[in-house]
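Inspection log for the structure reproduced underneath, given as structure tokens.
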Amino acid sequence: MKSLVAIGLLALTATLAGAATAAEPAPPATIDELQDAVIEIMEKHQVPAVGIAMVDENGPVWVGALGKADIENNVDADERSLFRIGSTSKMFVALSVLQLVEQGVLSLDDKLADLAPEIEFENPWEDTDPVRVVHLLEHTTGWDDIHLAEYAHNDPAPATLKQGLDFHPHSRTSRWKPGSRMAYCNSGPPVAAYVVEKLTGQDFEAYVREHFFDPLGMSTATYRLSEAVRERGVTLYIGSDPQDYWHIIMRPSGAINASPLDMAQLASFFVNRGSVDGVQLVSPESLRRMETPASTPAAAAGQEIGYALSNYTSRHKKWVYREHNGGVNGGLTEFSYLPEGRVGHAIMINSGNGAAYREISEIVRDFETRSLSEPATPEVLTIGPEHRVIEGLYYPINARQQVAYFIERVFNIQKLSFVGNTLFSVPLLGGEPVVYVAASQDRYRNFETGAVALSRVVDPLAGPVVHSGMTVLKPAPAVLVYGQLVIAALWGLAIASSILYALVWGIRRLRKKIAPGPATWIRVWPLLAGLSIVAFLALFSAGMNDPFEALGKPTAVSIGIQLFTVLFAAFAIIGSYVALRDRKETMNRVNYWYSAGCSLLHLIVAGYFAWFGAIGLTTWS
């Protein structure tokens, strides 16, 4: 039966793939065709402007811009227009560190506490597992990502990097042993940049200007709102709304403004393996280290896909690109290169439209790889009992923002299972499956690229885990997974039904068909608990329209969120207590058990929320 299912699935997959291939138009074959395709996507998604920098080993292929840098003032974008490149800025931190490593000034294994004891952070395992420079750049410190208060900071001051790091250091607490799990964290690279400042005696941004921007010919790139940015900076848009300039407090993590001309120079640098006009700014060996994850157990086991030194991978059909992308409010950037193909590109849009961004990326990559020979399909090993130990349900244990972990843990469950000799990783609640083939007992290659992208290793705190790309997954018992989902579904039903039910019993109570006292209060408390959650969700949804302003500071919205989570817990406790106290009171027993059940569900969920710190949620802390 299993064999028949496998054959059927593979046959269906092949049929669908063939149909999709037949329906896909041919990729653009010329720059003119590529430009037309980009314009079509811009018009479809109403993207104001796109900056493009495409290079190969011989130099620029297409460097320019399309559309409007400023809609209101009818300003055209061109190759000198300055876009925000967001987290792509982190690459310059890694390059600076690697340059100092080459000079013998610094080691990736140096301890942060030795280099900069004045930088505030907490690591419960510092004696045995200290935070090292490599962890800052590979995002394996275990620190939470910077908090909303840091994101919301939008003032040109503090002027210095140290002042920025001192502003709100509370996020820099290791949640697991450094080096054991990756979780993206915007404070790690700025701390590494501060180390560069301290060792060189030079302002980090001045160091990057002298050692990278100027030698590369990135003449207009800048971390700050300079006069050039005021003159040539594109206006960023969310929908049709222009965005104010964001003075990012952690400038090394995401503040750079750069033009397509600037980004073409950076792409050529990576394509030519660190060489600029015959001068080797960084050695090819250092670039290979920059592109190779090393600090996690999965990396030690030979996993190739993951976050390296401000550098990670993405897949395009059978090719593995190296990259670091970026996003700010109203702006998205993709910076990617294919070392084997000696091609690279930057795509910058002054819009937050992710669909347009992805579609432009797809056609640019199609164009770049149109003449390249596809990498070989990996060998498919026969699966034995030693492989099947990986099958099962898993939940993530490396949340980027710990405040959201209580949601991720329930709704981001993955199921790993074999069909024939292929391993499928499928989101339990729906999503695209990823297919792997075994490279060894505990390592698995992506079926399309052949790169080792999934590993079964041992976490020092969690025991056996699976590293899938940059996600760390822990085995979960089926009873826990499905139990949580059943409780979540019943809880949602309880909230909806209690509100609808209130329309019925509320009228009956006004007409004195329901007696005051226990028969009424047994209904009231679960209703209030449900309404608290509805109010919480409404406020959170409103806050997400402008999260920095609404949630990153004490506001009516953020304080309301805190208040309603506390009220939810209080109403759940009171409702459960009343249900227990009045269990023998005279009342409709169906109503009693329904209302008591709702209060019990609220109490269970409130306990779960409290365990993960979501009761009294302070979004601005």
For the chain, the longest principal axis of the Cα atoms and the Cα long axis of helix 260-271 enclose an angle in degrees, to the nearest 10, of 80 degrees
Would you compute, from DSSP H runs of 4+ residues alone, the mean residue ellipticity of the chain at 222 nm, taking -39500 (n - 2.57) per run and dividing by the full residue count, rounded to the nearest 500? -13000 deg cm²/dmol
How would Asp244, Asp70, Asp127 line up from fewest to most surrounding beta-carbon atoms within 10 angstrom? Asp127, Asp244, Asp70
The chain, convex hull of Cα, quarter of hull surface, nm² -> 32.5 nm²
Across segment 138-146, in residue order, what do the Karplus-derived ³J(HN,Hα) couplings come to in whole Hz, using 6.51 cos²θ - 1.76 cosθ + 1.60 with θ = phi - 60° and x for Gly and Pro? 9, 6, 10, 5, x, 5, 5, 5, 4
List the relative contact order of the chain as a percent without decimals, with contacts defined as Cα pairs under 8 Å and 6+ residues apart. 15 percent
For segment 480-525 and segment 86-135, what is the separation of their Cα centres, given in Å? 54 Å
Determine, for each peptide in 598-608, 98-108, the mean count of other beta carbons within 10 angstrom over its residues, then list the peptides with the highest first. 598-608, 98-108
Angle between the Cα long axis of helix 2-23 and the longest principal axis of the chain, 0 to 90 degrees, nearest 10? 60 degrees
Rounded Å value of the spacing that divides the Cα centres of segment 373-397 and segment 554-583: 46 Å
Relative contact order of segment 385-476, defined on C-alpha pairs under 8 angstrom at six or more residues apart (%): 24 percent
Sequence-distant or interchain residues sharing an amide H contact under 5 Å with Thr173, placed H: which? Glu122, Asp144
Between segment 250-272 and segment 141-218, how many Å separate their Cα centres? 17 Å
Order by neighbour count: Ser286, Ser275, Ser240, Ser253, fewest other Cβ atoms within 10 Å first, most last. Ser240, Ser275, Ser286, Ser253
Rank by packing, highest mean first: peptides 354-365, 523-534, with packing defined as the count of other Cβ atoms within 10 Å averaged across residues. 523-534, 354-365
Could you tell me how many degrees, from 0 to 90 and to the nearest 10, lie between the Cα long axis of helix 90-102 and the main elongation axis, the longest principal axis, of the Cα atoms of the chain? 50 degrees
Which length gain, in nm to one decimal place, applies between Glu210 and Ile71 when the Cα-Cα distance is subtracted from 0.36 nm times their residue separation? 46.6 nm
In order over segment 548-553: 3J(HN,Hα) from phi, Karplus 6.51/-1.76/1.60, θ = phi - 60°, whole Hz, x for each Gly or Pro, gives 5, 6, 7, 10, x, 9
Any idea what diffusion coefficient segment 485-611 gets from Stokes-Einstein, in µm²/s, Kirkwood Rh on alpha carbon pairs, 20 °C, 1.002 mPa s? 139 µm²/s
If you build the Cα gyration tensor of segment 53-368 and take the root of 5 times each eigenvalue, what three semi-axes come out, in whole angstrom, biggest first? 30, 23, 19
Subtract the Cα-Cα distance of Ala301 and Ser283 from 0.36 nm times their separation in residues, and report this length gain in nm to one decimal. 3.9 nm
How much net charge surrounds Ser361 when only the other residues with a Cβ under 12 Å from the Cβ of Ser361 are counted, with Lys and Arg +1 and Asp and Glu -1? -3
List, in order, the whole-Hz ³J(HN,Hα) value for each residue of segment 304-319 obtained from phi through the Karplus relation with A = 6.51, B = -1.76, C = 1.60 and θ = phi - 60°; use x for Gly and Pro. 9, 9, x, 9, 9, 8, 6, 7, 9, 10, 9, 9, 10, 6, 9, 9
Once you place label points 7 Å from the Cα toward the Cβ at Leu485 and Val590, how far apart are they in nm? 3.1 nm
Compare the Cα positions of Pro516, Val566, Val578 along the charge dipole of segment 485-611 (+1 at Cβ of Lys, Arg; -1 at Cβ of Asp, Glu; about the Cα centre) and return the one farthest towards the positive end. Pro516
Neighbour-count ranking for Glu408, Glu231 (other C-beta within 10 angstrom, fewest to most) reads Glu231, Glu408
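FYI, it's all coordinate maths here, none of it is from the lab. Source: prediction; values computed, not measured. Cβ: placed from backbone, ideal geometry, glycine included. Neighbour counts: every protein chain shown.
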